[in-house]
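The values are calculated or read from the model by the stated rules, or taken from the named source; none is laboratory data. Note that this is a predicted model, so its numbers are computed, not measured. Every residue, glycine as well, gets a Cβ built from its backbone with ideal geometry; the counts of neighbours run over all protein chains shown.
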Amino acid sequence: MATYNVNSNERVFLISRQGISSKNIFCNLEDIPEVLKNELEVNDEYTISHFWNSKFKKATKKYMNEMFIANQIEFKIN
């Protein structure tokens, strides 16, 4: 398992793998593609939550893809 340094001056996300062997990973936006590729299996169910205003809010695929485009990150969640 890789270690991801979270910069609290940037947006923070929580990726939660669901199921029997659940896993929670905190990371910044630019780390999300690496986390999804390296930490999760192809068919794993997961959710991405955005930490904003001291609360976690579930992020939709559309929202995440818009965030990637806005931040010039070449990645798309299908």
- Query: Which members of the stretch 46-60 meet the condition of being modelled with pLDDT of 95 or more and outside any strand (DSSP E or B)?
  - Reply: Thr60
- Item | Whichever residue in the stretch 35-55 is hydrophobic (A, V, I, L, M, F, W, C) and surrounded by 15 or more Cβ atoms within 10 Å (Cβ to Cβ) and, among such residues, is nearest to Asn78 (Cα to Cα) | Leu36
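Within the group Leu14, Leu40, which residue is within 12 Å of the chain's Cα centre (by Cα), assigned to a loop (DSSP other than H, G, I, E, B) and of a type outside the set (S, T, N, Q)? Outline the logic, then answer.
Numbers: Leu14 fails: assigned to a loop (DSSP other than H, G, I, E, B).
Unique residue meeting the criteria: Leu40.
Can you tell which of Ile20, Ile32, Ile25 is closer than 19 Å to Glu74 by Cα and either within 12 Å of the chain's Cα centre (by Cα) or assigned to a loop (DSSP other than H, G, I, E, B) (or both)? Write out each step before concluding.
On the way: Ile20 fails: closer than 19 Å to Glu74 by Cα; Ile25 fails: closer than 19 Å to Glu74 by Cα.
Among Ile20, Ile32, Ile25, only Ile32 is closer than 19 Å to Glu74 by Cα and either within 12 Å of the chain's Cα centre (by Cα) or assigned to a loop (DSSP other than H, G, I, E, B) (or both).
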- Within the stretch 61-78, the residues that are modelled with pLDDT of 95 or more and polar (S, T, N, Q) are Asn65, Asn71, Gln72
